[in-house]
Amino acid sequence: MNAASRDRSLFGAAIVVGAAGWAWAGGREAWDSALYWSLVLPLSYAFVFLFGTLGSRGAWRWPALVFGTQLATMLLRGGVGNLAPLGAILFAVLATFGLVPAYLGVALRRWRQRRVAARFAAEARKTAFEAPER
């Protein structure tokens with residue numbers, strides 16, 4: 001699987017995580033449920049970390065997709081009320097906090113890539129050093 005198809009899969013997964021999390025926590029106004037704050041929100045951040053680790057492009061998109069989908073789900077299930085702008089601001093704040101796990105995931109991915117590259121380079125140097133001269 002190349003990076004573009006992996007990112008498309010992660011894009012779809014982020015939308016599913018956002019919609020399912022909002023619907024599972026209670027639907028119309030899920031943030032009124034303790035389940036949203038105690039389970040759905042931490043799981044959303046865990047998935048954002050995973051998306052940041054597995055994705056190959058801008059990590060900012062993963063929290064934007066997850067929480068943007070939660071906003072869209074809220075608006076579709078409950079309609080646009082007079083507090084919808086406040087809800088949009090809350091989701092923007094939650095997405096901003098989601099940048100931390102997303103970029104931690106990117107840092108983990110890059111650290112692992114550097115480790116693999118260093119191991120490969122060490123093996124190449126060892127092979128070149130041990131090769132008999134002709």
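Structure above, values below:
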read-out	value
GLY52 vs. criteria small (Gly, Ala, Ser) and either within 15 Å of ARG109 (Cβ to Cβ) or surrounded by fewer than 16 Cβ atoms within 10 Å (Cβ to Cβ) (or both)	yes
Criterion: in contact (Cβ under 8 Å) with a residue 24 or more places away in the chain, surrounded by 14 or more Cβ atoms within 10 Å (Cβ to Cβ) and over 16 Å from the mean Cα position of the chain (by Cα) - qualifying residue of GLY26, GLY18, GLY78	GLY78
Filter pass, ALA46 being assigned to a helix (DSSP H, G or I), farther than 20 Å from ALA72 by Cβ and under 12 Å from the mean Cα position of the chain (by Cα)	yes
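Residue by residue, here is whether (1) of a type in the set (Phe, Trp, Tyr); (2) in contact with a Phe, Trp or Tyr (Cβ under 8 Å, 6 or more places away or on another chain); (3) free of Cβ contacts under 8 Å to residues at least 60 places away in the same chain; (4) assigned to a helix (DSSP H, G or I) holds:
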| residue | (1), (2), (3), (4) |
| --- | --- |
| TRP62 | yes, yes, yes, yes |
| LEU65 | no, yes, yes, yes |
| LEU71 | no, yes, yes, yes |
| TYR103 | yes, no, yes, yes |
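Throughout, read-outs are computed from the coordinates displayed, never taken from laboratory work. These figures come from a predicted structure and were not determined experimentally. All Cβ positions, even for glycine, are placed from backbone atoms using ideal geometry, and neighbour counts span all protein chains on display.
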